[in-house]
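These notes are about the structure you will find just below.
The values are calculated or read from the model by the stated rules, or taken from the named source; none is laboratory data. Values in this document were obtained by computation on a predicted structure and should not be read as measured data. Note: ideal-geometry Cβ built from the backbone for every residue, glycine included; neighbour counts use all protein chains shown. These area figures cover heavy atoms from the full protein model, side chains too; ligands, DNA and RNA do not enter into them. Shrake-Rupley method; radii C 1.70, N 1.55, O 1.52, S 1.80 Å.
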Amino acid sequence: MKRLYLVRHAKSSWNHPELDDIDRPLNKRGKRDAPFMGQRLKKHGVCPDLIISSPAKRALKTAKIIAEAMGYPKKRISVHKTLYLQGTQAILNVIQHIDDTHESAMLFGHNPDFTELAEQLTDYQVDNIPTCGIFCVDFNADSWQEVDEAKAVFAFFDYPKKHQRHGDGQE
């Protein structure tokens, strides 16, 4: 069995419109949500065998923050340019080339691609993976090359706003 986590980058800043999209940093909420979600994953014993991120500043920063919270070495994060707004087929290609020694992989990237891929792989109607949202699926497969052939089984879907109480932040 293979387990895949699709993580949308945390909330990014639009304060500097002169920046190229790929260079947009996290905003205050993003810097708060990413460690919160990383701690949630750690609390549930999640630490993937492999983390792959889009090269976009906001995605890579989210990956580093969550990796640190889970105890995954930040220096082991791989960066693949094809996770940056290249479409679902490009993401599937990255997934299918993961070494089969890895049982679990966590990808950090963007919408609309991640939401479309989540719906393409499962029967779960997600509508939208919000910023810093985590969509997890399992594949009854021995090889990552089989992931588009084997229908994924929905495992969980979590995101920061699910845990807000009385407008004062998270649990």
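Hey, what's the per residue convex hull volume over the C-alpha atoms of the chain, in cubic angstrom?
Details: hull volume 18.6 nm³, N = 171.
Convex hull volume per residue, Cα atoms: 109 Å³.
Once R0 is set to 30 Å, what does the formula 1/(1 + (r/R0)^6) return for the Cβ-Cβ distance between ILE22 and ASP138, expressed as a FRET efficiency to the nearest 0.05? Don't jump to the answer; show the numbers that get you there.
Values: r = 31 Å, r/R0 = 1.05.
Efficiency computed from Cβ-Cβ geometry: 0.45.
Report, in degrees rounded to the nearest 10, the 0 to 90 angle that the Cα long axis of helix 57-70 makes with the longest principal axis of the chain.
Here the helix axis deviates by roughly 80 degrees.
Cut-off under 24 Å on the C-alpha distance; same-chain residues fewer than 8 positions from LYS61 excluded. Which lysines are left, in chain and number order?
LYS11, LYS28, LYS31, LYS42, LYS43, LYS74, LYS75, LYS81, LYS161, LYS162
Tilt of helix 28-43 relative to the longest C-alpha principal axis of the chain, in degrees (0 to 90, nearest 10)?
Value to nearest ten degrees: 40.
Return the carbon/sulfur percentage of the accessible area of the chain, one whole number, probe 1.4 Å, all protein chains in place.
Details: 4010 of 8620 Å².
Carbon-and-sulfur percentage of accessible area, whole number: 47.
Could you give the accessible area per residue of the stretch 18-103, probe 1.4 Å, as a whole number in Å²? Write out the running numbers ahead of the final one.
Details: 4490 Å² over 86 residues.
Result: 52 Å² per residue.
Let's see if you can work this out: charge +1 on each Lys and Arg Cβ, -1 on each Asp and Glu Cβ, no other charges. What is the dipole magnitude of the chain about its Cα centre, in debye to the nearest 20?
On the way: 24 positive and 23 negative charges, 236 e Å.
For the chain, the charge dipole is close to 1140 debye.
On the Cα set of the stretch 74-163, report Rg and Dmax in Å, please.
12.8, 35
Find the relative contact order for the stretch 47-168 and round it to a whole percent, using C-alpha pairs within less than 8 Å whose residues are 6+ positions apart. Kindly include the intermediate steps, with their values, before the conclusion.
On the way: 173 pairs, mean separation 29.1, N = 122.
Relative contact order comes out at 24 percent.
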